[in-house]
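Take a look at the structure set out below.
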Amino acid sequence: MSFNVVIDKTEKLAEDIYFLRLKSERVSGKAVPGQFVNIKCSDGLNTFLRRPISILRTNPVENTFDIVYMIRGKGTRLLSCLNSGDTIDCMGPLGKGFTLPEKGEKICVIGGGIGVFPLLFLLEKSIDVNKTAFLGFRTKDLIVLQKDFEQVTNRLIISTDDGSFGENGLITKPFLDFLETEKPDRVYTCGPLPMMKTVAEVCIEKNIFCEVSMEQRMGCGIGACLVCACKTRHNDDYEYERICRDGPVFGAEKIVF
Amino acid sequence: MSFNVVIDKTEKLAEDIYFLRLKSERVSGKAVPGQFVNIKCSDGLNTFLRRPISILRTNPVENTFDIVYMIRGKGTRLLSCLNSGDTIDCMGPLGKGFTLPEKGEKICVIGGGIGVFPLLFLLEKSIDVNKTAFLGFRTKDLIVLQKDFEQVTNRLIISTDDGSFGENGLITKPFLDFLETEKPDRVYTCGPLPMMKTVAEVCIEKNIFCEVSMEQRMGCGIGACLVCACKTRHNDDYEYERICRDGPVFGAEKIVF
Amino acid sequence: MLDLSVNIAGLKLKNPIIAASGTFGFGREFSEYFDLNLLGGISVKGLTLKPRKGNEPPRIAETPAGILNSVGLQNPGVYSFIKDEIPFLRRFDTAIIANIAGNTVDDYCRIAEILSDTDIDAIELNVSCPNVKEGCLMFGSTAEGISKVTSAVRKVCKKPLIVKLSPNVTDITEMAKAAEDSGADSVSLINTLLGMAIDIKSRKPILGNIMGGLSGPAVKPVAVRMVYQVSKAVKIPVIGMGGISDADDAIEFILAGASAVMIGTAGFVNPYVWVETLDGIKQYMEQHGFKKISELTGALLD
Amino acid sequence: MLDLSVNIAGLKLKNPIIAASGTFGFGREFSEYFDLNLLGGISVKGLTLKPRKGNEPPRIAETPAGILNSVGLQNPGVYSFIKDEIPFLRRFDTAIIANIAGNTVDDYCRIAEILSDTDIDAIELNVSCPNVKEGCLMFGSTAEGISKVTSAVRKVCKKPLIVKLSPNVTDITEMAKAAEDSGADSVSLINTLLGMAIDIKSRKPILGNIMGGLSGPAVKPVAVRMVYQVSKAVKIPVIGMGGISDADDAIEFILAGASAVMIGTAGFVNPYVWVETLDGIKQYMEQHGFKKISELTGALLD
Ligand SMILES: Cc1cc2nc3c(=O)[nH]c(=O)nc-3n(C[C@H](O)[C@H](O)[C@H](O)COP(=O)(O)OP(=O)(O)OC[C@H]3O[C@@H](n4cnc5c(N)ncnc54)[C@H](O)[C@@H]3O)c2cc1C
Ligand SMILES: Cc1cc2nc3c(=O)[nH]c(=O)nc-3n(C[C@H](O)[C@H](O)[C@H](O)COP(=O)(O)OP(=O)(O)OC[C@H]3O[C@@H](n4cnc5c(N)ncnc54)[C@H](O)[C@@H]3O)c2cc1C
Ligand SMILES: Cc1cc2nc3c(=O)[nH]c(=O)nc-3n(C[C@H](O)[C@H](O)[C@H](O)COP(=O)(O)O)c2cc1C
Ligand SMILES: Cc1cc2nc3c(=O)[nH]c(=O)nc-3n(C[C@H](O)[C@H](O)[C@H](O)COP(=O)(O)O)c2cc1C
Ligand code: FES
Ligand code: FES
């Protein structure tokens, strides 16, 4: 088995935000929303560890899958230098994904920043479901994939921290307002911790099914090394579970924020 | 100041032997035979140190210089993956070159393996001189630049260790035979230590001017770190001199082989 | 036919490739990637008497050619290991090495005693974990500490006993000799070098635990040196590790004096590293005319 | 205007960037690449009383993200330094730090005494060179050794006295405290980690000296950790080094507690590393609102 996959397409979506379409029968055939791939961003020692990136969408017919990433450091910067036709070493699909909604349910997704990407895949795979998406970005120029989200949602609310587009301020605000009048069957969230915490708390309070997708630095990515610890509730105590294997998606009530 | 130079041309000369033409006004304008450049074979950490490679020839009109290298390990392997148009980080010219012969003199060069390359530059720069070159290779398939040597020598003797081309055996044999009947004014040698030792010893014995070009693992390449030590005679004692700065070319009588 | 088997004072390995403790869990995850029957042995995640939760995240930082980790011995405890993990591991034809750690000499003895009556093949004393404040760090950094815990465990341990040494000491040979003199059947080294990394943007240490253990290619020269020194200083077999990423690295350790090698961190990047290393060693032996892997141990030329 | 100056117990540096001993010769070679006036200081190649020839080559091996060296203190001796090198170095507005080594306490004292009457700015005691069998290795690996040589030198030394610590010890803080208690004005760390590399084709150690000192990016996490520990353990200023390749690395050391930094090995690859690092530090200070470099020292957030 080898993890080499060929880059089918690259695109710069915004400043420091890049799209990659990769050829892989394995990933495109098996991946479910919320899962990720673990990518070696450079041969050899320039970046030692793999980098986890969520799967944005799969195309099992074309045997491709997509990811979108933001340049955050050395690894993602090196990734952004690759071109279509190049090969990268990519393990996956990895992790436990979202629980898909049942037909006829009403769901909400709340995403912030790079946390929006796994939610697109979830929305695409949620068929015959009423879908509202709340997406928060820092500023207008960082808004990506708006059209893609529009196509798979019944309602799309966007906010920017600086008010340069959509609602002004944190995305939790319109979501909390929404909950004043509506009660979704399921809520899914991915993004900055404070955002997920707010969403999780209100859903627990209102007894709404809620799943969160967590982030942590990883070693092996497959569950063997225990470095990707996420503090979770167990009766009156806590445990550290593995984000790479027990997650990245957890029931909101489990997380000790 | 930056050391980036653009690759003008690459060519595979034989199995694991590659030619590179590089654009650099600095090197092409200043380099003398026996000097080397110190090349960063990969960005970042995959190969940490620079690799010293002799200058094969310069073209001050085109602002280019050439090198030929053999794949020996990680660095040279990475170098061989580069294409024309790519940029590499290359310091130089470095080191002390050969003493050029005077007009009308008779010179001999004895080279073995990758040691032949600096000798070509020396031969090219030796004008109005009677030039005999003895070049030894392991086997026929590793013979490179034969035409280039033919063009700048009056006589070219090639040997192969396995007898697959030219004389059979070590190149020191035809050279020693030659010395039976002829006495060159200057002898220059570069290659495996045992070869250079034989050449040096016979020249010292016969009182012939002889220069050898030494090889050693390097750190800084400019004379500051003292790692590239070459044991040299000083009266009845020895010292370690720096191959990168005091050499790579030394008078044969100085070397403690 | 090449003979790859090694015998480490009673611990029989069919080949010298062992998964390093803490990087391989209890084998379950990697068993999805390759056949565990191919391994000489597996050193399981460090076990304590009671379950341990481990340290606060982040628990890993990437450093030049290496990583820092501060897992802090998260493990389900020795009883859960016996109940849930030994039966799984026993399905494979590979040696089970139980890596154990404790806060007190008594802890170590209890665990060793309990494990002595189970179906494992050897016990590896982790006296050198840099991520845990009390306990094993203390023992591993002095010869007296090592003697104390090793001789106590020796009395109750019915399995081949490997003592795993910390590199964070002035003289590694002293530690190895203390282990040998106290009855260890073998020493394994190196555990991780204590290190630290700071995120200059947030101006905070990257690890939740501030400091952590350095492993991966970066430490290889230190590890090779220590294996070389130790294998000259003691008569018991040495198991070498620290930064092995391929067969060339493994052979370097074996030439330096190791009878077997462990591989850990490299598996995070390449889950096939153990298998590929074994294949590469076989190739090297063939090319260099070695029939037995044991002939390669310490086979430096002058 | 940024204030980059640092005062290390009387040693005034206009900025915190110092060339590390042994990697910079006496400055002549690098002066062809950049203006030495830009440096805070230069720690010259380790000096002994008499000239030393150094070790047999090969003296360097490349390792993952680092190098091993075994130069073995080749140097022209302290008298030649005074005669030939000080006059050259004094032409630049940069601090001259004389790095010295000896086989005996007397040696160290003699050199320090001789240098005290010359136009240098500070003395750095190398009690930690791993490449020389006798002498300085011994001193650097125990607190007693460090105390002995430091207090003896202190008596005769009229210049600011820096003690350079070896990382090859169990507890670096003990060594730093011994230096402080014996009168050192500052400690610098780390010197190289003892390591080894083997060429598996020839089955021989790569270095002529078998073992050598590891430096470069690979050692950075160990060095940062030690600087962090030491700067908490002593009151005298700490000079940090070990694997610094750019401004981010230098800032990591300064945040960990260093008042100034030395850069060595990285200069082999990038001869402008010292200047570029200084520029990068200035940028960082501007971006993060620091006016004085001294405010950055130990400025970790909780
Ligand atoms: C399950 C999961 C899914 C993710 N999906 C996406 C995605 O779809 N798009 C996207 O842009 N980013 C995603 N991230 C974050 C992404 O992994 C980091 O931005 C990336 O690893 C940074 O690498 P770097 O080399 O650029 O940064 P560096 O800071 O140079 O990385 C250094 C080390 O820290 C780790 N690291 C640094 N930041 C993070 C982080 N935020 N999370 C985890 N590890 C980190 C790196 O993996 C590497 O090991 C995801 C993270 C996780 C855990
Ligand atoms: C002055 C000089 C001129 C040279 N000219 C040429 C030339 O024109 N053509 C050519 O093919 N080769 C030349 N060499 C040899 C060339 O430098 C090595 O083959 C090359 O460094 C090997 O690098 P690597 O990464 O492939 O091997 P690796 O073994 O991976 O290198 C590891 C380290 O060892 C060093 N090293 C390994 N072998 C040698 C060696 N023989 N000499 C010096 N350092 C070595 C490398 O530079 C590197 O630091 C010259 C060497 C010197 C000193
Ligand atoms: C994430 C992680 C966890 C580790 N846990 C243990 C452990 O529980 N017990 C132990 O003895 N060593 C532990 N180690 C050390 C390794 O077994 C090994 O000694 C070290 O990592 C060097 O080898 P490597 O470079 O091949 O990883 C751990 C290492 C890592 C990276
Ligand atoms: C080739 C070489 C020679 C060295 N010589 C000395 C020396 O003479 N005295 C000394 O105190 N340190 C010496 N060192 C150690 C460095 O000064 C420094 O402590 C070490 O290399 C770590 O820093 P770096 O990673 O930036 O190189 C030497 C290092 C190298 C690489
Ligand atoms: S990254 Fe190894 S267990 Fe999650
Ligand atoms: S390589 Fe540094 S002095 Fe020659």
* Structure fact -> Asserting the computed 222 nm helical MRE of chain B (DSSP H runs at least 4 long, -39500 (n - 2.57) per run, divided by residue count, to nearest 500) equals -5500 deg cm²/dmol
* In chain B, which residue puts its Cβ closest to the axis that turns chain B onto chain A, and how many whole Å away is it? -> B:45, 2
* Using a 7 Å Cα-to-Cβ projection, residue D:77 label spacings across copies, nm, ascending -> 7.1
* Taking every residue in C:28-36, how many Cβ atoms of other protein chains lie within 10 Å of its Cβ, on average? -> 3
* To do: Decide, for chain A, between rounded, prolate and oblate: order the square roots of the alpha carbon gyration tensor eigenvalues as a ≥ b ≥ c, take rounded if a/c falls under 1.5, and otherwise choose prolate if a/b is larger than b/c, else oblate.
  => prolate
* **Beta bridges by DSSP in the protein assembly as shown, antiparallel share as percent, to the nearest 5** => 50
* To do: Could you order peptides B:185-198, D:81-94, C:145-158 by the average number of other Cβ atoms within 10 Å of their residues, highest first?
  => B:185-198, C:145-158, D:81-94
* To do: Shortest first and in nm with one decimal, please list how far the residue C:104 label point sits from its counterparts in the other copies (point 7 Å along Cα→Cβ).
  => 5.2
* Using alpha carbons only, how many degrees (0 to 90, rounded to 10) separate the axis of helix B:172-181 from the longest principal axis of chain B? -> 40
* **Unit charges on C-beta of K, R, D, E only; dipole of segment A:111-257, Debye** => 280
* Structure fact -> Honestly segment B:1-66 on the Cα gyration tensor test (a ≥ b ≥ c root eigenvalues; a/c under 1.5 rounded, otherwise a/b vs b/c for prolate or oblate) is just oblate
* Asked: For a label point 7 angstrom out from the Cα of residue B:140 toward its Cβ, which stretches of segment B:159-196 have the backbone nitrogen within less than 15 Å?
  -> B:159-169
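Only loop residues by DSSP count here, and only those with at most 14 other Cβ atoms within 10 Å; note down the trypsin sites (Lys or Arg not before Pro) in segment B:1-93 that meet that.
Those that pass, being in a loop and sparsely packed, are B:72.
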* Between segment C:52-122 and segment A:1-41, the alpha-carbon center distance in angstrom -> 35
* Say R0 is 22 Å: what FRET efficiency, to the nearest 0.05, do residue B:81 and residue C:248 get from their beta-carbon distance? -> 0.65
* Cross-link partners among aspartates and glutamates for residue C:159, C-alpha distance below 12 Å, same-chain residues fewer than 8 apart left out? -> C:113, C:117, C:119, C:121, C:124, C:185
* Asked: Of all GluC sites (Glu not before Pro) in segment B:168-242, which ones are in loop regions per DSSP and have a Cβ with at most 15 other Cβ atoms within 10 Å?
  -> B:182
* Structure fact -> Taking a crude spin-label model, label points 7 Å out from Cα along the C-beta direction, the residue B:151 to residue D:203 distance in nm is 4.6
* Asked: Normalised by the residues of segment A:3-94, what does the relative contact order come to in percent, with Cα pairs under 8 Å and at least six apart?
  -> 40
* Asked: If the limit is 18 Å between Cα atoms, which of C:164/C:220; B:103/B:183; D:83/D:164 go over it?
  -> D:83/D:164
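Please give the calculated 222 nm ellipticity per residue for chain D, where each DSSP H segment of at least 4 residues contributes -39500 (n - 2.57) and the sum is spread over every residue; nearest 500 deg cm²/dmol?
Details: 9 runs with 89 residues, N = 302.
After summing the helix terms and dividing by the residues of chain D, the value is -8500 deg cm²/dmol.
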* Nearest 10 degrees, 0 to 90: what angle lies between the long axis of helix B:193-205 and the longest principal axis of chain B (Cα atoms)? -> 40
* **Label zone at residue B:4, where the point sits 7 Å out along the Cα-to-Cβ direction: segment B:16-56 residues whose backbone N lies under 13 Å** => B:43
* **Projected label distance in nm at residue D:279 and residue D:37, using a 7 Å step from Cα toward the beta-carbon** => 1.8
* Of all DSSP beta bridges located in segment B:106-213, what percent are antiparallel, nearest 5? -> 0
* Structure fact -> segment C:225-254 and segment B:195-257 have their Cα centres apart by a whole-number Å value of 36
* To do: Would you please give the residues with an amide H less than 5 Å from that of residue A:13, counting only those at least 5 places away or on a separate chain, with H modeled from the backbone geometry?
  => A:18, A:19
* Structure fact -> Low-density loop trypsin sites (Lys or Arg not before Pro), segment B:125-171, at most 14 other Cβ within 10 Å, DSSP non-H/G/I/E/B, are B:138
* To do: State the antiparallel share, in %, of DSSP beta bridges confined to segment D:176-302, rounding to the nearest 5.
  => 55
* How far is it, in nm, from the label point at residue B:162 to the one at residue C:5 when both lie 7 Å from their Cα along the line to the Cβ? -> 3.9
* From the cross-link list A:173/A:206; A:96/A:125; C:232/D:45, which pairs have alpha carbons spaced over 21 Å apart? -> C:232/D:45
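Taking a ≥ b ≥ c as the square roots of the eigenvalues of the Cα gyration tensor of chain D, is the shape rounded (a/c under 1.5), prolate (a/b larger than b/c) or oblate? Write down the numbers at each step before the final one.
Values: a/c = 1.28, a/b = 1.15, b/c = 1.12.
Rounded is the answer for chain D, as its axis ratio a/c remains below 1.5.
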* **Label spacing, shortest first and in nm, from residue D:155 to its equivalents in the remaining copies (7 angstrom along Cα→Cβ)** => 5.0
* Averaged over D:52-58, number of beta-carbon atoms from partner chains that fall within 10 Å -> 5
* Structure fact -> PRE zone check, label point 7 Å out along Cα-to-Cβ of residue A:206, amide N under 18 Å, scope segment A:129-172, hits A:130-136, A:154-159, A:170-172
* Across peptide C:200-211, how many C-beta atoms of other chains are within 10 Å of each residue C-beta, on average? -> 4
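Values in this text are rule-based calculations from the coordinates and carry no lab data. Since the model is a prediction, treat every value here as computed from it, not as a measurement. In this analysis, Cβ positions are derived from the backbone assuming ideal geometry, glycine residues included, and neighbour counts consider all displayed protein chains.
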